[in-house]
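The numbers here are math on the coordinates, done by the rules we state, and not lab data. Values in this document were obtained by computation on a predicted structure and should not be read as measured data. Don't worry about glycine lacking a Cβ; one is built from the backbone with ideal geometry, like all the others, and counts go over all protein chains shown.
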Amino acid sequence: MMGIPYNTKKPYKKLGECHECGEKFAKSDTIKSGKVVQLKLYDDPWQDEPNIVRVHAHNDDGHGDCLDKLTDTSWADFRYFTCEKCDRLVISQCPYNGWRSYIKETDDGREICVRCYQEDILENGHDVEIFKSGRVPGDFFSEKEISNLNWGLVSGQNYKHIAGRDSAGELCKLALKLIGEGRKVLINYETMAQGGGEGYVSMYYK
């Protein structure tokens with residue numbers, strides 16, 4: 001699931017051909033006719049300006065039209081999803097490193113992009129309930145942002161190895177102690193296996 005890295009933050013336009021199937025539009029394929037839809041897409045959650053693309057609509061081949069396929073994860077990777085916080089259509093995983101998911105699920109079951117997730121955690125820290133459950137939350141935060149927002153490294157909690165219930169429980173116990181003292185807690189993934197089962201993390205507080 002690796003591809004050639006490119007600047008995913010640089011916006012582009014694809015208006016003469018379908019962004020999904022790659023076919024050039026016929027003269028009758030117009031927005032006015034309803035056969036084509038123009039969309040704003042983001043190939044990176046941290047992309048400030050959107051990509052402007054057009055896709056076929058109402059060209060169902062028995063498996064959905066191009067507009068449907070753009071968000072249909074049942075048949076292909078690197079689909080798009082609508083972030084339920086910023087309402088942008090964001091790619092679900094890094095287009096050149098598919099192991100990096102751009103979707104985070106909130107406690108109430110909403111799917112949000114990692115940019116919205118990180119902005120919330122950088123401001124508010126992780127919710128106490130996730131530590132009570134024994135699970136280790138977190139993401140790959142920018143160390144520069146962590147520092148700029150006055151998060152401090154918890155003593156002895158740099159590159160802590162998490163591998164199973166015992167080590168996760170120990171980390172969660174410390175996080176709960178800090179939260180109980182009125183602190184906010186942030187977990188930064190240094191390295192993490194797909195699915196979050198094992199890796200190295202650092203704990204910050206303020």
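Here are a few things to note about the model shown:
- Segments 80-91, 121-132, 159-170 sorted - mean Cβ within 10 Å per residue, highest first: 80-91, 121-132, 159-170
- Remark on the range 125-205: hydrodynamic radius 12.5 angstrom, per the Kirkwood mean of 1/r across alpha carbon pairs.
- For the chain: Kirkwood Rh in Å [reciprocal of mean 1/r, alpha carbons]: 19.1
- The string of couplings for the range 63-73 from the Karplus curve (6.51, -1.76, 1.60, θ = phi - 60°) is 10, x, 7, 4, 5, 5, 5, 4, 10, 8, 7 Hz, one whole number per residue in order, with x for Gly and Pro.
- Likely footprinting exposure, Met192, Met203, fewest C-beta neighbours within 10 Å first: Met192, Met203
- Length-normalised contact order of the chain in % [C-alpha pairs under 8 Å, at least 6 apart]: 15
- Of the GluC sites (Glu not before Pro) in the range 12-81, the ones in a loop by DSSP (not H, G, I, E or B) with at most 14 other beta carbons within 10 Å are Glu23.
- Overall Cα dimensions of the range 1-58, principal axis frame, Å, largest first: 36, 24, 16
- Dimensionless Rg/Rh of the range 13-101 - Kirkwood Rh, Rg from C-alpha atoms: 0.97
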